[in-house]
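Taking it in order: structure first as structure tokens, then the write-up.
The values are calculated or read from the model by the stated rules, or taken from the named source; none is laboratory data. These numbers come from a predicted model, not from an experiment. Note that each Cβ is placed from the backbone with ideal geometry, even for glycine, and that neighbours are counted across all protein chains shown. Note: accessible area is taken over every heavy atom of the protein model, side chains too, but ligands, DNA and RNA are not part of it. Shrake-Rupley method; radii C 1.70, N 1.55, O 1.52, S 1.80 Å.
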Amino acid sequence: MAYAATAGEMNASVRAAPGVLALQRALVWLVGASGAIVFIEPSPYEIVTLLATAIFFATGLRLRLALMPLLLMLVLLNIGYTISAIPLFEQSEVVSWIATSWYMAVTVLFFAMVASEDTAARLDMLRRGLVVGAMVASLSAVAGYFHLVPGGDDLLTLYGRARGTFKDPNVLGAFLILPALFALQSVVLDKFGKAFRNVFAFGIMSLAILLAFSRAAWGGLVLTAAFMLALMVLTSRTNAQRSRIIVMAILAAVLGLALIAVLMSFDSTAEMFKQRASFDQSYDEGRFGRFGRHILGAEMALDLPFGIGPLQFHRFFPEDTHNSYLNAFMSGGWLSGICYPALVFTTVIMGIRHIFVRVPWQRAYLAIFSAFVGTVGESFVIDTDHWRHFWMMLGAMWGMIAAAQIYKFKDMTVPMESER
């Protein structure tokens, strides 16, 4: 394999045979690609991830000491959910919700352990898989929106919004952000041929996000892209590289505005865009609107140490919480309500501390960290707590941070050994 010669350079702890390394990296690619097909349950993502987990454990996967706080917080979080759900176990949807939450915790730990070894190569394969999957989802969404697939309207769109291979247009838009950031990185950094291919990929993904008509995804793409590019400028090694990033970012923004202008020439698209871009949506306003429910739910949570149980919020309010932090309190009581934000914001804080660490996978780190921070912010207005890609990014963050600590330690000890 192309990475075999540099495996020791990327992570000296990797000692697996070349064939095993190739299999493991191929599985990482497959997991990334399968994440784009989730309109059926169990989805290909669940099946592939479970298969990959089993094979990785059989061929070598280690739980590092640095990942123990992650394991503890995940266990406590789900214990809180399970305790609160005990009176509701006769409801099959509640049992399914609890099982999904525990499964998501397993995937977090899996991605953390995977990313903590052979880090650069595995992250590259994950990136490749995510981009391929994102292109499948994006092309499906665009084809469905423009009626290019006979009979595909019901499958590929929802309420006039593109959803592609997802159940919900909002989740489609959110999923595409990280692969779009990977493509954007290639546009601003790679040589002409590869950069040109990724201009096409970034354009298709951006179009799919736009046609999903998700305000959170629109803002998420713009803000995370700007954040990532700013970090890339700050961490660049040369002024020439910084200049290229800035120039290419400006060109990408101009092309994006041109794409929007073209789409606005279609009356149906312009009308939907105006409707979705409005900040006075009926479900956001009033005492029981989205933000009113947040306040009332927070007051309610303070009086309920064990919460009300998963999927019960709509019994008290017209709609779901649309706030993952509030949902943790309501679904799992104070234990989950404390552990969930602790887990999320501990990851963000640790992530900030590792932005400027010079590691071989720094480029992938900046993209994943930017997309993760965007989802953390989005979690204040949308229920993201069962989004598969969110937990994937969280696990990858912990794995990269653990690997960076090992890399820094080895980088410090090499000069010391040479002085002997």
Problem - Per residue value of the accessible surface for the chain (all protein chains in place, 1.4 Å probe), Å² - result: 45 Å²
Fill in the blank from the handout: The answer for Leu158, listing residues at least 5 apart or on another chain whose modeled amide H is closer than 5 Å to its amide H, is Arg163
Practice task
Could you tell me the accessible area of Ile79 in Å² (1.4 Å probe, neighbours in place), rounded to the nearest ten?
Solution key: 60 Å²
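If you take the Cα Rg of the chain and divide it by 2.2 N^0.38 Å, with N the number of residues, what do you get? Don't skip to the end; give the middle numbers.
On the way: Rg = 21.8 Å, N = 420, 2.2 N^0.38 = 21.8 Å.
Cα Rg divided by the expected 2.2 N^0.38 Å: 1.00.
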Exercise for the section: Give the long-range amide H neighbours of Ile37: residues separated by 5 or more places, or on another chain, with amide H under 5 Å away, using H modelled in the peptide plane at 1.01 Å from N. Expected result: Tyr45
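Calculate how large, on average over all directions, the projected area of the Cα convex hull of region 319-382 is; give the answer in nm² to one decimal.
4.6 nm²
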Exercise for the section: Would you mind pulling out the separation of the Cα centroids of region 32-86 and region 333-399, in Å? Expected result: 15 Å
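What size of dipole, in debye to the nearest 20, comes out for the chain about its Cα centre when the only charges are +1 on Lys and Arg C-beta atoms and -1 on Asp and Glu C-beta atoms?
Details: 30 positive and 27 negative charges, 315 e Å.
My answer is approximately 1520 debye.
Please give the contour-minus-distance gain from Val106 to Ser265: 0.36 nm per residue of separation, less the Cα-Cα distance, rounded to one decimal in nm. Intermediate values should be presented prior to the final figure.
Details: separation 159, 0.36 × 159 = 57.24 nm, distance 4.66 nm.
Full extension of this stretch gives 52.6 nm more.
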Practice task
With label points built 7 Å along Cα→Cβ from the Cα atoms of Thr59 and Leu296, find their separation and express it in nm.
Solution key: 5.3 nm
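Evaluate region 175-223: find the radius of gyration of its Cα atoms, find its Kirkwood radius, and give the ratio Rg to Rh.
Details: Rg = 10.9 Å, Rh = 10.8 Å.
Rounded to two decimals, Rg over Rh is 1.01.
Which order do you get for Glu319, Glu271 if you rank them by accessible area with a 1.4 Å probe, largest at the top?
Result, largest first: Glu271, Glu319.
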Practice task
Provide, in order from the shortest bin, the percent of all Cα-Cα pairs of region 12-148 in each 10 Å bin, continuing until the bin that contains the maximum pair distance.
Solution key: 11, 32, 32, 19, 6, 0
Practice task
Would you calculate a helix-derived [θ] at 222 nm for the chain, using -39,500 (n - 2.57) for each DSSP H run of n ≥ 4 and dividing by the full residue count, to the nearest 500?
Solution key: -24000 deg cm²/dmol
